[in-house]
Every structure is written in C-alpha cells, then in structure tokens.
Amino acid sequence: MRKFLVYSSFLISSLVVIAMFVTATTYVQLAVAIVLYPGLVYFALKAFLDKDHKMSKLSIVKVKPSVSIQKEEEVSDIDKRGFLKVIGAAGLSFFLFSILGKRTQVPFFGKVTGPATTALEDINGNKIDPAQLQPTDGYRISEIDDNVITYYGFTNKDGKWFIMREDTDTSSFRYTKGDSGFPGNWDKRVQLRYDYFHNVF
C-alpha cells in the first residue's frame, strides 16, 4: 500500500509539475512550478531508490589477525539512476523552455526568419487579411419569393441591394445588384439581368 501511494504521488506530481512548466505564462506561475519541482524530485527518489541503496554497503569478507579486507558492493540500480537523470533533464528542459521560449520566441528547430506573427496565405503565396470585408458583408435579407425559381432580396444600411436567384431545376445561383431603388427592382426581379457572382461583384 505504501509503494502504491508513493508511485501514485510521483505520477500525480510529475503531471502537475510538467503541466505547470508547459502552461506557465506569467512569472508567478513559473515560480509556483519551480516551488513544486523539489516535490517531484522527492517522490522520484522515494519511488525509485530503495532504502538499501541509499549508501553503498561495506561488507567484511574475512577477518584475519591484524588484516581486514573490505569489499564495496556493485551498484545494482543503474537503470533507476539513469531514469532519474532523464527526469531531471526533462524538468530542466521545461524550466528553460518556460523562461526562454515564451519570452524570446526562439524555436527549437530552424531559424528565426522574421517577427513572431502568423499570416494567412492562399495557394499562390499571397497574404490574406482575415478581417477584410467580403462583397456581401453588411447586407440583410429583405424579401423572399419561394417558387421553382426562388429569389432572395438583400439590402444594406446605405440602400444598396442585390438579388440572388436560385434555380432548383439546374441547381444554379445567379446575382444582380444595384445602388438604390430596391422596391422597384424587386417588383421586376424576373426581368432583371442575372450573372455569376464574380461577374456581378
């Protein structure tokens, strides 16, 4: 039961400390992670070092009159010590990354080629502004004529308008637009000239 508690404590503390180092965004969070790190080392020592291996044992082989030969036992926990070194190196890496990585924006691989900003690009490499207005931004639906050929009328606050025609037989959409006079154009919507979106806008 004691071993279970020690191992579970080590697992929980390692998850908490690693999460604190990785997600630290302020110096206070980083300080908390540093304070919790010795607890992780303590549970690692408790979990992977037996009491018998805290110090190398010395055993007397044979006692002869006036001579005693002492033999040092070989260390049998090399794997455990290697594991502790790996844990220590990982903790140090998280510590350094949380201090340097987030402040200077230095990547682990590759070179810094410019400022740490992200830009969207299309397939041709042209930069895209995600906040740019689309041709139909600001328009609201005003009228609907729902038949085999359906018409949707849209207007904006400046009085500009466009009508979208949907032909359910051919599954096509065509558009027409204007700068004023939406009610009159809506009344004669069937006679208006419609074209593809890219030709109208």
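The values are calculated or read from the model by the stated rules, or taken from the named source; none is laboratory data. Source: prediction; values computed, not measured. Neighbour counts are summed over all protein chains in view; Cβ atoms, including those assigned to glycine, are modelled from backbone coordinates with ideal geometry.
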TODO: Given the conditions (1) touching a Lys or Arg at 6+ places or on another chain (Cβ under 9 Å); (2) of a type in the set (S, T, N, Q); (3) surrounded by 15 or more Cβ atoms within 10 Å (Cβ to Cβ), report the number of the one that Ser142 does not fulfil.
DONE: (1)
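Per-residue answers, yes or no, for (1) in a helix (DSSP H, G or I); (2) within 30 Å of Thr25 (Cα to Cα); (3) modelled with pLDDT of 90 or more; (4) not β-branched (Val, Ile, Thr):
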{"position": "Phe97", "(1), (2), (3), (4)": "yes, yes, no, yes"}
{"position": "Val106", "(1), (2), (3), (4)": "no, yes, no, no"}
{"position": "Thr118", "(1), (2), (3), (4)": "no, yes, no, no"}
{"position": "Leu133", "(1), (2), (3), (4)": "no, no, no, yes"}
{"position": "Ile141", "(1), (2), (3), (4)": "no, no, yes, no"}
{"position": "Asp169", "(1), (2), (3), (4)": "no, no, no, yes"}
{"position": "Thr176", "(1), (2), (3), (4)": "no, no, yes, no"}
{"position": "Gly184", "(1), (2), (3), (4)": "yes, no, yes, yes"}
{"position": "Arg189", "(1), (2), (3), (4)": "no, no, yes, yes"}
